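Remarks on the structure that follows.
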Amino acid sequence: MLATLPELILGAGALVLLMVAAWAGDRHTKLISWLSVLLVAAAGLSLFAPSSHVGVAFGGLYIADGYAAFAKALIYIAGAIAIIIAPDHFSRESIRAFDLRAEYPVLILLSLVGMGMMVSAIDLLTLYVGLELQSLASYVLAAFHRRDSRSTEAGLKYFVLGALASGILLYGISLLYGFTGTTSFTGIETSIAANGLGLGALFGLVFVLSGLAFKAAAVPFHMWTPDVYEGAPTPVTAFFASAPKVAAIALLVRVSIGALGPAEDAWRQIVIFSALASIVLGAVAAIGQTSIKRLLAYSSINNIGFVLIGLAAGGADGVASVLFYMTVYVAMTLGAFLCVLQMRDRDGHYVETIASLSGLSSTRPGLAAAFAIFMFSLAGIPPLFGFWPKFLVFSAAVKAGLVPLAVIGMASSVIGAFYYLKIVKTMYFDEPAPGFAPSESRLESGLIAAAAVFVSPLGYLAIPALTATTMAAARALF
Amino acid sequence: MNQLGFPILSLMLGIPLLAGFWCLFVNAQMARRIALAATLVDLVMGIVIWAAFVPGGPQWQFQESIPLFAPWFSYALGIDGIALMLIVLTVFLMPMCIAASWTSIEKRVPEYMASFLLMETLMIGVFMAQDLFLFYIFFEAGLIPMYLIIGIWGGQRRIYASYKFFLYTLLGSVVMLIAMLWMANAAGTTDIPTLMESDFPVAAQNWLWLAFFASFAVKMPMWPVHTWLPDAHVEAPTAGSVILAGVLLKMGGYGFIRFSLPMFPEASAHFMWLIFALSMIAVVYTSLVALVQRDMKKLIAYSSVAHMAFVTIGLFTFNRQGIDGALMVMLAHGLVSGALFLCVGVIYDRLHTREIDRYGGLSDNMPKYALLFMLFTMASVGLPGTANFVGEFLALVGAYQASSWVAFVATTGVILGAAYMLYLYRRIAFGVLDKPDVAAMPDLSLRELAIMVPLGLSVLWMGVYPESFLKPMRGDVSSLLARIERAKPAGDADVQIPAESKAIPVTAHEGAH
């Protein structure tokens, strides 16, 4: 059972903290938050234990390998940051009677357990259970501003559409089970390799991929993303844009490469379509946005498209490029949302319009510089680090012989550059709007600075180490 | 290590970068001083490498290589004679850009200086890079500071111009990245000198060539993808225009000579007529467009497009004269167009308009200015004794060997060039000094003289004794010619001296020389 140590720590810890919260009340939320961060850190440390790299648990439903450990590390970092930034955010909003309740960190912890199960799943059942645990916690988190109609709308929308996606996924699972006779990934792989992919299993494959594409917010299952991102409290949006994406993509990769490996030709065209559609739609639809949170939602759709190019390339190179991409993506996206958290007018109210960023470079030069770094990096302009993962996925695609895909994807990235430039233009070229309130939290500023340094050209120094780690993690799948 | 015993190229990259970072934390006056000092230090180091460079020695000198980004690419630097001359051009222009912005830039000086210093690092990085992807990173990264320079410190339509500049150049380059990935994959190395010796399959060469062409043609810029240039030039601050015209445009030509020609000789021959056709259109069309401009900067921008067409014609002639000429035009144009933009900047700072009709009769009240402006005008026209003459003449001689028709059309460009430049000069410097605000303009200040005079002297130096500049590049042109010899298309004007000509009188012999 030692293989499941990270989930054990988080799961048991979450239940204990829930009890503590019930008895101690919301006054001790800050304490509970910090205890949760400690738990996440402990779970993260347990990833370094040898047992987290080899081992199968629950009778072949769960695997602890290098691949899962890498994805979990990313997920835990994102989760910890989502907990850390929450108390300040909710206490500021308290003027509008949104108190941080102690459930927030607990829900994040439970969501992390679910995501851990997702990336470690080697059976359709663990896959589904993990995914549902993560989703149910997320629905509540999206609606956490329960007296704000936008937040409740986001929660409801997420729930209804998420339930639909779960249904689709479950239907696909049942078809796959029905036509291959097993729910285990290796069993499905053997069966498809031996008997080929029948029509029924093909339907199952399409439904499973659709359900997972919904979780990853890939086109054409992206519709919920802008609304949910806009309505949910900003720390929750930051969380949604990072950790669950890593989990969903890691799961999608394991299902595609592991379970459906022999049916590569069948899923590759789906993934290619979804990749190109995500890149183009994420870029074009973002142009007209006026809310920074909606814009970042489309930006995340756009980025998932690039990640899927790495998956379409397949092979250890492709998977390594996907993991590398997610690493940098998490840093860029969390950094960008941390900057959004800084957008408060003089009265402390949050503002979300892009126009309010006008002239930020004169009022808050440091924040503007960090934001510009994230934007150029998301656009994939060298020498910022965001260029490198794009380079890797295209390199993998070219190696796999998918040159036209690489050319189209790369050319569409120019469309995306346009709206990232728009943010930089607003901050640097436009006349100053009323300035934002100064930053109160050294912690948030520190986190923004750390993320900005990572995606700055200094990040390139991490290439040898990260390449080795992602390659080792990717090899675990083969 | 190299002949100097320390990694001078890294130092040249590092000093402006660190100085730029430092600029962000000081006040305006201090930032100006830091920037000037850093660019002067780089200029000194540029002179040092020029002096220490051994012409005819190893092709690649001052090499450094650290596998910093293993296993993908390495931090590999090194220069040949061509890169050397372009680096010297860059470090020579940079202190002038800083000095030219000394008083004309008043807002956000520290950021301005930081952007320029970053720009310098990236530009010389492009010429130094010996690794495919390191080159790409330097090549693309220049977009960010230039975007900010145009967008923050530019003129009226700066935002439109900055977007156009950024997206045009980015779209050109992204396809090149895919081609680079393919090449690195096929050749198994990212080392540029090795790739220059690699023979790619002829069928693939055409695609690769087109992908690189997409990037370099935009950067160059060639007709019809030149339209970003007039906009960017017009809106950029003076020093930004100098850098754009002086150095950024040279990256396109450098790319052709470093990648397209040696790596894809067959494809270069295959597409020779594409280049010739576009260049011929550019020479005639943009010269005519320049003739009707009312905005000084726009006129010079169009003249840049016309001059760069000489570069592309010269490069694809596949002979020594043409390539030498193209390189000389690149260097000469870097100096002369930079100087012309500075001339425009001088009067723009006084009257704040670029409209040609607002000036007139400047030779009366600004004689020093009129003299220097005339020198640069004549150089741009290609008067013998000035820098452009050498390059344009050689390029035309090379073009004649490749195709007499190309030489014929290109030569009309020289005539049209004389027309629009002299017309510009007449309208600005001559005529009646009847506008009171123009008459009140003071002549060049000491600072402006310190910028213009060295430029004027180097233009004359390059025109009178071009050997100083051709010598370091000779070996590289030879190895390039040896590399592309196998694909050289037959010219229509190769003068073949028949065997019996040995019998004809001595005078005919001299004619054949």
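The values are calculated or read from the model by the stated rules, or taken from the named source; none is laboratory data. Nothing here was measured: the structure is a model prediction, and the numbers come from that model. Cβ placement follows ideal geometry from the backbone for every residue including glycine, while neighbour counts extend to all protein chains displayed.
Could you list, in sequence order, all residues of segment B:256-311 that are of a type in the set (Gly, Ala, Ser), farther than 30 Å from B:His352 by Cβ and touching a Pro at 6+ places or on another chain (Cβ under 7 Å)?
Start the filter on segment B:256-311 by keeping residues that are of a type in the set (Gly, Ala, Ser), which leaves B:260, B:267-269, B:277, B:279, B:282, B:287, B:290, B:301, B:303-304, B:306, B:309.
Filter again for farther than 30 Å from B:His352 by Cβ, leaving B:260, B:267-269, B:277, B:279, B:282, B:309.
Correct list: B:Ala269 only.
Every residue in segment B:145-168 that is of a type in the set (Ser, Thr, Tyr), at the interface with chain A (Cβ under 10 Å from one of its Cβ atoms) and surrounded by fewer than 24 Cβ atoms within 10 Å (Cβ to Cβ), please.
In the first step, residues of segment B:145-168 are kept if they are of a type in the set (Ser, Thr, Tyr); the result is B:147, B:160, B:162-163, B:168.
Cutting the leftovers down to at the interface with chain A (Cβ under 10 Å from one of its Cβ atoms) gives us B:147, B:162-163, B:168.
Selection gives B:Tyr163, B:Tyr168.
For the structure I just gave you, tell me whether A:Phe221 is under 19 Å from A:Val307 (Cα atoms) and crowded, with 21+ Cβ neighbours inside 10 Å.
On the way: under 19 Å from A:Val307 (Cα atoms): yes; crowded, with 21+ Cβ neighbours inside 10 Å: yes.
So A:Phe221 fits the description; yes.
Could you tell me whether A:Leu461 is facing another protein chain (nearest Cβ under 8 Å) and under 15 Å from A:Thr327 (Cβ atoms)?
Numbers: facing another protein chain (nearest Cβ under 8 Å): yes; under 15 Å from A:Thr327 (Cβ atoms): yes.
When the stated conditions are applied, A:Leu461 passes them.
Identify the residue in segment A:29-63 that is among the hydrophobic types (A, V, I, L, M, F, W, C) and in contact with a strand residue (DSSP E or B) (Cβ under 7 Å, 6 or more places away or on another chain) and, among all such residues, is surrounded by the fewest Cβ atoms within 10 Å (Cβ to Cβ).
Step one: list which residues in segment A:29-63 are among the hydrophobic types (A, V, I, L, M, F, W, C), which gives A:31-32, A:34-35, A:37-43, A:45, A:47-49, A:54, A:56-58, A:61, A:63.
So of that shortlist, the ones also in contact with a strand residue (DSSP E or B) (Cβ under 7 Å, 6 or more places away or on another chain) come out as A:56, A:61, A:63.
Numbers: A:Val56: 14, A:Leu61: 20, A:Ile63: 23.
Checking each candidate, the answer is A:Val56.
Is there a residue in segment B:46-66 that is of a type in the set (Ser, Thr, Tyr), touching a residue at least 40 places away in the same chain (Cβ under 8 Å) and within 18 Å of B:Leu132 (Cα to Cα)? Quick ask: steps written out before the conclusion?
Looking only at segment B:46-66, we keep the residues that are of a type in the set (Ser, Thr, Tyr), and these are B:65.
Filter once more, so that each one left must be touching a residue at least 40 places away in the same chain (Cβ under 8 Å): B:65.
Among the residues that remain, those that are also within 18 Å of B:Leu132 (Cα to Cα) are: B:65.
Checked against the condition, which is being of a type in the set (Ser, Thr, Tyr), touching a residue at least 40 places away in the same chain (Cβ under 8 Å) and within 18 Å of B:Leu132 (Cα to Cα), segment B:46-66 yields at least one hit.
Hey, does segment B:343-366 have a residue that's in contact with a strand residue (DSSP E or B) (Cβ under 9 Å, 6 or more places away or on another chain), more than 27 Å from B:Ala407 (Cβ to Cβ), crowded, with 19+ Cβ neighbours inside 10 Å and of a type in the set (D, E, K, R)?
Yes, because at least one residue in segment B:343-366 is in contact with a strand residue (DSSP E or B) (Cβ under 9 Å, 6 or more places away or on another chain), more than 27 Å from B:Ala407 (Cβ to Cβ), crowded, with 19+ Cβ neighbours inside 10 Å and of a type in the set (D, E, K, R).
Which condition number in (1) crowded, with 24+ Cβ neighbours inside 10 Å; (2) touching a Phe, Trp or Tyr at 6+ places or on another chain (Cβ under 7 Å); (3) within 11 Å of chain A (Cβ to nearest Cβ) is the one that B:Phe212 fails?
Result: B:Phe212 fails condition (3) only.
Select from segment B:31-75 the residues that are touching a strand residue (DSSP E or B) at 6+ places or on another chain (Cβ under 9 Å) and within 14 Å of chain A (Cβ to nearest Cβ) and list them in ascending order.
Those that are touching a strand residue (DSSP E or B) at 6+ places or on another chain (Cβ under 9 Å) and within 14 Å of chain A (Cβ to nearest Cβ): B:Ile66, B:Pro67, B:Leu68, B:Phe69, B:Phe73, B:Ser74, B:Tyr75.
Table: residues versus (1) crowded, with 17+ Cβ neighbours inside 10 Å; (2) part of a helix (DSSP H, G or I).
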position	(1), (2)
A:Leu136	yes, yes
A:Ser151	yes, yes
A:Ile173	yes, yes
A:Thr182	no, no
A:Thr186	no, yes
A:Leu197	yes, no
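Is it fair to say B:Leu86 is within 21 Å of B:Gly345 (Cα to Cα), assigned to a helix (DSSP H, G or I) and not small (Gly, Ala, Ser)?
Values: within 21 Å of B:Gly345 (Cα to Cα): no; assigned to a helix (DSSP H, G or I): yes; not small (Gly, Ala, Ser): yes.
For B:Leu86, the condition - within 21 Å of B:Gly345 (Cα to Cα), assigned to a helix (DSSP H, G or I) and not small (Gly, Ala, Ser) - is not met.
Please find, within segment B:447-463, the residue that is farthest from B:Phe53 (Cα to Cα) out of those that are surrounded by 14 or more Cβ atoms within 10 Å (Cβ to Cβ) and either out of contact with any Leu (no Cβ under 9 Å at 6 or more places or on another chain) or of a type in the set (D, E, K, R) (or both).
Checked segment B:447-463; the qualifying residue farthest from B:Phe53 (Cα to Cα) is B:Glu448.
Any residue in segment B:18-38 that is β-branched (Val, Ile, Thr) sitting within a Cβ distance under 8 Å of a residue that is assigned to a loop (DSSP other than H, G, I, E, B)? List the pairs, counting only those 6 or more apart or interchain.
From residues that are β-branched (Val, Ile, Thr), the pairs are B:Ile34/B:Val26.
With the structure loaded, tell me whether B:Thr377 is hydroxyl-bearing (Ser, Thr, Tyr) and surrounded by fewer than 21 Cβ atoms within 10 Å (Cβ to Cβ) or whether it fails that test. Please lay out each step first, then the result.
Details: hydroxyl-bearing (Ser, Thr, Tyr): yes; surrounded by fewer than 21 Cβ atoms within 10 Å (Cβ to Cβ): no.
So B:Thr377 fails the test.
Kindly indicate which of A:Ala417, A:Ala396 is within 13 Å of chain B (Cβ to nearest Cβ), modelled with pLDDT of 90 or more and out of contact with any Lys or Arg (no Cβ under 9 Å at 6 or more places or on another chain).
A:Ala396
Just give me the residues in segment A:46-88 being farther than 20 Å from A:Val255 by Cβ and not aliphatic (A, V, I, L, M), in sequence order. Steps first, please.
Within segment A:46-88, the first condition is being farther than 20 Å from A:Val255 by Cβ, and the residues that meet it are A:46-55, A:73, A:76-88.
Correct list: A:Ser46, A:Phe48, A:Pro50, A:Ser51, A:Ser52, A:His53, A:Gly55, A:Tyr76, A:Gly79, A:Pro87, A:Asp88.
Residues B:Met128, B:Met119: which one is within 14 Å of chain A (Cβ to nearest Cβ), surrounded by 24 or more Cβ atoms within 10 Å (Cβ to Cβ), in contact (Cβ under 8 Å) with a residue 40 or more places away in the chain and touching a helix residue (DSSP H, G or I) at 6+ places or on another chain (Cβ under 7 Å)?
Values: B:Met128 fails: within 14 Å of chain A (Cβ to nearest Cβ).
That would be B:Met119, the only listed residue that is within 14 Å of chain A (Cβ to nearest Cβ), surrounded by 24 or more Cβ atoms within 10 Å (Cβ to Cβ), in contact (Cβ under 8 Å) with a residue 40 or more places away in the chain and touching a helix residue (DSSP H, G or I) at 6+ places or on another chain (Cβ under 7 Å).
With farther than 30 Å from A:Asp317 by Cβ and under 22 Å from the mean Cα position of the chain (by Cα) as the only criterion, which of B:Leu24, B:Leu89, B:Leu132 stands out? Please lay out each step first, then the result.
Working: B:Leu24 fails: under 22 Å from the mean Cα position of the chain (by Cα); B:Leu132 fails: farther than 30 Å from A:Asp317 by Cβ.
Testing whether each residue is farther than 30 Å from A:Asp317 by Cβ and under 22 Å from the mean Cα position of the chain (by Cα) leaves just B:Leu89.
Give just the number: which of (1) in contact (Cβ under 8 Å) with a residue 60 or more places away in the chain; (2) of a type in the set (Val, Ile, Thr); (3) within 14 Å of chain A (Cβ to nearest Cβ) does B:Ile178 not satisfy?
Tallying (1) in contact (Cβ under 8 Å) with a residue 60 or more places away in the chain; (2) of a type in the set (Val, Ile, Thr); (3) within 14 Å of chain A (Cβ to nearest Cβ), B:Ile178 fails exactly one: (1).
Return the total of residues in segment A:420-461 being buried (at least 17 other Cβ atoms within 10 Å of the Cβ) and closer than 30 Å to A:Leu251 by Cβ.
9
If you take the residues in segment A:335-386 that are within 14 Å of chain B (Cβ to nearest Cβ) and farther than 22 Å from A:Ala450 by Cβ, which one is surrounded by the most Cβ atoms within 10 Å (Cβ to Cβ)?
Among those residues, the one meeting the criterion is A:Ser358.
Going by the structure shown, is A:Phe436 more than 9 Å from chain B (Cβ to nearest Cβ), more than 20 Å from B:Leu122 (Cβ to Cβ) and outside any helix (DSSP H, G or I)?
On the way: more than 9 Å from chain B (Cβ to nearest Cβ): yes; more than 20 Å from B:Leu122 (Cβ to Cβ): yes; outside any helix (DSSP H, G or I): yes.
In short, yes.
Tell me which helices (runs of 4 or more DSSP H) are completely within segment B:426-493 and hold 3 or more residues being of a type in the set (Val, Ile, Thr) and within 24 Å of the chain's Cα centre (by Cα), or say none if there are none. Can you show your working first?
Numbers: elements: B:436-439, B:446-464, B:467-484.
Where helices (runs of 4 or more DSSP H) fall fully within segment B:426-493 and carry at least 3 residues being of a type in the set (Val, Ile, Thr) and within 24 Å of the chain's Cα centre (by Cα), they are B:446-464.
Taking into account only those residues within segment B:106-116 that are buried (at least 23 other Cβ atoms within 10 Å of the Cβ) and away from chain A (no Cβ under 11 Å), which is farthest from B:Ala37 (Cα to Cα)?
Per the criteria, the residue is B:Tyr112.
Within 11 Å of another protein chain (Cβ to nearest Cβ), more than 25 Å from B:Phe73 (Cα to Cα), among the hydroxyl-bearing types (Ser, Thr, Tyr) and out of contact with any His (no Cβ under 7 Å at 6 or more places or on another chain): is that true of B:Tyr136 in this structure? First the steps, then the outcome.
On the way: within 11 Å of another protein chain (Cβ to nearest Cβ): yes; more than 25 Å from B:Phe73 (Cα to Cα): no; among the hydroxyl-bearing types (Ser, Thr, Tyr): yes; out of contact with any His (no Cβ under 7 Å at 6 or more places or on another chain): yes.
The answer is no for B:Tyr136.
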